[in-house]
Amino acid sequence: MSAQADERALDVLIVSLGSTAGLRRADEALADSLRRAGASVAIARSQPPPAIPTMMLTDLAWARSARGALTRALAQRERNPPRAIVYSSVTAALLWRRPGAIRFDATSAGNRPGRHGLWQRPLERVRMRQASLLLPWSEGALAELPGGDRLAGRAIVLPVPVASSGPPGPARDIAAITYTANPRKKGLDRVLAAWRPDFGELVLAGASAEALRAAGFDLAGRPGVRVVGALAPSEYRALLRRARVFVCAPRREDYGIAQLEALADGCQLVSTPAPGPYAALPIARELDSRLVDDDLGRALRAALEEPRAGYGERAASALERYGPAGADRVVAERLLPRLLA
């Protein structure tokens, strides 16, 4: 932020945790949508903390980083503070200095069970009661919050906009692709166990071979598997437009941006059922119930050898509510008036 920019009136400050690529894309999309609605917007970005072995301490480090990002942003705008603050994720709001709206894909109540969320869960309940607005990505995220029914009057469901990234390639020459950031949670071990070289090529995107090896996945010499690592969004989406299938086996799914993007780019979605507010799961079941199966090998064979006609067209229709136009409408007509009230 420049000093000149700090002197201008600011409607909304987004406190971005940005701990994943999906969260960063969601924050940018929200900022763009608010600007199209006529608001002035800035993003205060948290700095990644050092790697810490436990989830409790990792969340604390990220919460402190978000608090630091907010503190710096408010200090730069001491004479002209933002009219509203949106905390992007529960973790970003846990140590807040000033109340605001909370946008979240999932809750600590849902994705921090047992000892992993001993301090986060009770503080989350306090912050949700104090928030001016709750902005869950999905109805399922709000339902996971204890007392969510009592908080529904302050909630606006605001999905992350998803759209096709471009026309499909001349041929879908990749049998399947999967996203490998956080490979244990995403069930990469189960995907690899189900994959057969006769299916064709499986592309692993999102983490380098070295990072996967450090997580316990040594893929050297594995036939039919190619690691492409972390890619720019445009490069990754170009691969989706060449793939016939997006395959995943998450142990829990907090939302599933990668799956929605794959559907938008014409992939069939093959997935195991998973707990959590998994937005793409009911869509996948509706499109072809054979492809949602704990037996991932059986689902892959059905998708690759007996694909249902018209899958891509029906997927595009099912994703209309997630399109940018729908998100812009919610932001302009419902969110911005309440944020600035």
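Bear in mind these aren't lab numbers, they're just calculated from the coordinates by the rules spelled out. This is a predicted model, so every value here is computed, not measured. Cβ coordinates were reconstructed from backbone atoms using ideal geometry, including for glycine residues, and neighbour counts include every protein chain displayed.
The table that follows gives values for the structure above.
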| quantity | calculated |
| --- | --- |
| Rounded to the nearest 20 debye, dipole of the chain from Cβ charges on Lys, Arg, Asp, Glu | 1060 debye |
| Amide H partners (placed H, <5 Å) of Gln268, local residues excluded | Val245, Phe246 |
| Dipole magnitude of region 1-79, debye to nearest 20 (Cβ charges: Lys/Arg +1, Asp/Glu -1, about Cα centre) | 40 debye |
| Stretch gain in nm, segment Arg252-Arg79, where the contour uses 0.36 nm per residue and the Cα spacing is subtracted | 57.9 nm |
| Two-site label geometry, Ala309 and Ala325: point separation in nm, points 7 Å out along Cα→Cβ | 2.8 nm |
| The chain: C-alpha pair distances exceeding 38 Å, % | 17 percent |
| Potential lengthening between Arg115 and Arg154 on full extension [0.36 nm per residue; Cα-Cα distance subtracted] | 11.1 nm |
| Taking all pairs of distinct alpha-carbon atoms in region 92-202, Kirkwood radius in angstrom | 17.2 Å |
| FRET efficiency, 1/(1 + (r/R0)^6) with R0 30 Å, evaluated for Arg129 and Met56 via beta carbons | 0.85 |
| Glu201-Asp295 pseudo-label distance in nm [points 7 Å out on the Cα-to-Cβ vector] | 3.0 nm |
| Calculated FRET value between Asp32 and Ala215, using beta carbons and R₀ = 25 Å, to 0.05 | 0.15 |
| Rg to Rh quotient for region 1-126, alpha carbon positions, Kirkwood Rh | 0.98 |
| Loop trypsin sites (Lys or Arg not before Pro), region 233-341, which have at most 16 other Cβ atoms in a 10 Å radius of their Cβ (DSSP) | Arg251, Arg252, Arg308 |
| Quarter of the Cα convex hull surface for region 174-321, i.e. its orientation-mean projected area (nm²) | 7.9 nm² |
